[in-house]
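J.: Here it is, the structure in full.
The values are calculated or read from the model by the stated rules, or taken from the named source; none is laboratory data. Since the model is a prediction, treat every value here as computed from it, not as a measurement. Cβ placement follows ideal geometry from the backbone for every residue including glycine, while neighbour counts extend to all protein chains displayed. SASA here: full protein model, heavy atoms, side chains in, ligands and nucleic acids out. Shrake-Rupley method; radii C 1.70, N 1.55, O 1.52, S 1.80 Å.
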Amino acid sequence: MSLPPARKPIYQQIRDYLRKEILSGRWKPGDRLPSENELSAQFGGSRITVKQALAELVKEELVYRIQGRGTFVAEEAAGATAAFVRETPAAYTALSPAPAMYPASAPPTIALIIQYSLNTMIVELLDGIEEAAWEAGFRLLFMNARDSGDRELEMLRSASESGAKGIILFPAHGESYNEEVLRLAMRHYPVVVLDRYLRGVETNCVCSDNRDGAYSGTVHLIRQGHRRIGCVTSPVLGTTSLEDRLYGYEQALADHHIPVDHSARLHELSPEAIRTFLLNRNGITALIVFDSAHGSRIMAAAEQLGIRIPEDLSLVIFDDYFNADLFRVPPTVIVQPFRQMGREAARLLLELIRNPESERRKIMLPTTLVERNSTAPPKAEG
């Protein structure tokens with residue numbers, strides 16, 4: 001009479017169950033496994049037993065663990081190419097030029113996801129990112145979401161799943177939270193956000209000091225004698241760069257004992273809304289414009305309406321223009337260091353690729369006020 005087969009230890013039951021579910025594809029790379037308490041209750045074992053089972057799966061590189069957050073399915077578990085390196089190989093100990101870093105294979109890739117058509121700002125960002133990536137032996141995958149949140153989400157998933165070692169993201173306008181970025185951050189996948197930061201998502205970012213830029217531009221107008229200073233902006237809510245600019249504008253007014261007047265703001269930027277605002281500006285003698293595209297519309301509408309710049313209306317505009325000195329009235333602008341932003345974003349991403357679990361950082365670069373001919377003291381009344 002044969003003996004019945006010995007019952008597997010509970011930790012092996014847990015390990016084998018989890019391994020089966022992972023390899024079958026039920027749980028995808030990046031998915032969070034049931035908690036230790038849930039597994040303990042399901043199999044009737046202790047948390048120590050559960051930890052033993054998970055430890056074996058970690059050794060097999062099927063899962064990875066994040067202190068305080070849980071256990072997640074590894075990229076390698078489903079046969080996918082690893083999207084980032086968790087254990088730093090010798091090749092990543094220094095960001096040396098491409099030939100020394102990757103002598104026998106094609107260079108690795110990082111992805112850049114932007115939101116707009118190519119303009120001076122994007123070209124400078126792209127140039128800075130590409131230069132830093134090239135120096136470190138990486139190639140750049142360029143993707144344009146065209147200000148679509150759905151398209152951005154698809155590109156984030158596509159880039160991380162296709163083997164890109166990291167992503168630089170210029171978020172969609174009005175985006176204050178991104179579940180996919182949060183998911184990647186939870187997995188310690190290298191992501192750097194450009195131009196703004198996402199509230200509620202603890203990730204790395206590189207941006208300009210938008211608050212100080214708007215503050216300095218507003219103070220410039222105040223020092224010229226303006227007291228009724230309006231602002232022109234897209235809807236602010238959800239875009240931290242615009243929120244910070246609005247804060248800087250209001251703080252400058254408050255610091256100089258000028259009341260904040262909400263009627264002096266233009267949010268609707270249709271041609272008719274701009275014309276109405278300029279014709280009925282109720283004593284506003286100066287504007288700070290939070291975007292160069294809107295600045296162009298304001299200048300064009302003012303010329304059509306016979307409003308002289310700067311004699312009738314002074315303008316300070318965020319972001320510079322190509323060949324601005326050739327404008328009929330060269331504008332005073334707040335310049336963001338886009339090329340430097342690109343380089344810093346790429347360097348930060350490359351550091352994260354070497355060490356995905358390094359502490360998250362926010363790099364803020366100073367802006368510069370460039371004075372030209374679009375501002376002047378207000379006309380004397382009477």
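J.: Any idea which residue in region 202-222 is farthest from Gly166 (Cα to Cα), counting only those that are surrounded by 23 or more Cβ atoms within 10 Å (Cβ to Cβ) and of a type in the set (Val, Ile, Thr)?
T.: Checking each candidate, the answer is Thr218.
J.: Same structure again: Name the residue that is farthest from the chain's Cα centre (by Cα), counting only residues in region 223-243 that are at pLDDT 95 or above and open to solvent by 20 Å² or more (accessible area, probe 1.4 Å).
T.: So, considering only residues that are at pLDDT 95 or above and open to solvent by 20 Å² or more (accessible area, probe 1.4 Å), the one farthest from the chain's Cα centre (by Cα) is Gly225.
J.: Still on this structure, I have one more. If the requirement is being of a type outside the set (S, T, N, Q) and under 23 Å from Asn373 (Cα atoms), which of these qualifies: Glu311, Glu272, Glu268, Glu250?
T.: Within the list Glu311, Glu272, Glu268, Glu250, the selection yields Glu311.
J.: A follow-up question, please. Could you check region 213-228 and list, in sequence order, the residues that are touching a Phe, Trp or Tyr at 6+ places or on another chain (Cβ under 8 Å) and either farther than 13 Å from Ser314 by Cα or without any contact (Cβ under 8 Å) to a residue 40 or more places away in the chain (or both)? Give the steps one after another, and end with the answer.
T.: Looking only at region 213-228, we keep the residues that are touching a Phe, Trp or Tyr at 6+ places or on another chain (Cβ under 8 Å), and these are 213-215, 217-218.
Passing the criteria: Gly213, Ala214, Tyr215.
J.: Okay, moving on. Checking Lys165 against (1) open to solvent by less than 30 Å² (accessible area, probe 1.4 Å); (2) modelled with pLDDT of 85 or more; (3) over 25 Å from Ile334 (Cα atoms): exactly one of these is not met. Which one?
T.: (1)
J.: Could you list, in sequence order, the residues of region 306-331 that are in contact with a His (Cβ under 7 Å, 6 or more places away or on another chain) and among the β-branched types (Val, Ile, Thr)? Give the derivation first.
T.: Just the residues of region 306-331 that are in contact with a His (Cβ under 7 Å, 6 or more places away or on another chain), to begin with: 314, 316.
Matches in region 306-331: Val316 only.
J.: Answer yes or no: is there a residue in region 353-368 that is within 25 Å of Leu287 (Cβ to Cβ), over 24 Å from the mean Cα position of the chain (by Cα) and either of a type in the set (Gly, Ala, Ser) or modelled with pLDDT of 95 or more (or both).
T.: Within region 353-368 (the criterion being within 25 Å of Leu287 (Cβ to Cβ), over 24 Å from the mean Cα position of the chain (by Cα) and either of a type in the set (Gly, Ala, Ser) or modelled with pLDDT of 95 or more (or both)), the answer is no, since none of the residues qualifies.
J.: In region 17-46, how many residues are free of Cβ contacts under 8 Å to residues at least 40 places away in the same chain and within 24 Å of His188 (Cβ to Cβ)?
T.: 8
J.: Which is in a helix (DSSP H, G or I) and of a type in the set (A, V, I, L, M), of Met143, Met155?
T.: Residue meeting the stated conditions: Met155.
J.: Test Phe138 against the criterion of being open to solvent by less than 40 Å² (accessible area, probe 1.4 Å) and of a type outside the set (Val, Ile, Thr), and give yes or no.
T.: It is true that Phe138 is open to solvent by less than 40 Å² (accessible area, probe 1.4 Å) and of a type outside the set (Val, Ile, Thr).
J.: Filter region 11-41 down to residues that are open to solvent by 30 Å² or more (accessible area, probe 1.4 Å) and aliphatic (A, V, I, L, M) and give me whichever is nearest to Gln52 (Cα to Cα).
T.: Taking the candidates together, the pick is Ala41.
J.: Counting residues that are touching a residue at least 24 places away in the same chain (Cβ under 8 Å), touching a Pro at 6+ places or on another chain (Cβ under 8 Å) and surrounded by 15 or more Cβ atoms within 10 Å (Cβ to Cβ), which helices (runs of 4 or more DSSP H) fully inside region 263-382 reach at least 1? Walk me through how you get there before you give the answer.
T.: Working: elements: 271-279, 292-305, 338-354.
In region 263-382, 292-305, 338-354 are the helices (runs of 4 or more DSSP H) which contain 1 or more residues that are touching a residue at least 24 places away in the same chain (Cβ under 8 Å), touching a Pro at 6+ places or on another chain (Cβ under 8 Å) and surrounded by 15 or more Cβ atoms within 10 Å (Cβ to Cβ).
Let's see how each residue does on (1) out of contact with any Lys or Arg (no Cβ under 8 Å at 6 or more places or on another chain); (2) in contact (Cβ under 8 Å) with a residue 60 or more places away in the chain; (3) of a type in the set (S, T, N, Q):
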| position | (1), (2), (3) |
| --- | --- |
| Glu131 | no, yes, no |
| Arg139 | yes, no, no |
| Ser158 | yes, no, yes |
| Lys165 | yes, yes, no |
| Asn204 | no, yes, yes |
| Arg211 | no, no, no |
| Gly230 | no, no, no |
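J.: Condition first: over 10 Å from Ile10 (Cβ atoms), open to solvent by less than 80 Å² (accessible area, probe 1.4 Å) and not charged (D, E, K, R). Now tell me which residues in region 42-62 satisfy that.
T.: Across region 42-62, the qualifying residues are Leu54, Ala55, Leu57, Val58, Leu62.
J.: Still on this model: Pull up region 229-271, narrow it to residues that are among the β-branched types (Val, Ile, Thr) and touching a Phe, Trp or Tyr at 6+ places or on another chain (Cβ under 7 Å), then point me to the one that is nearest to Ala302 (Cα to Cα).
T.: Val232
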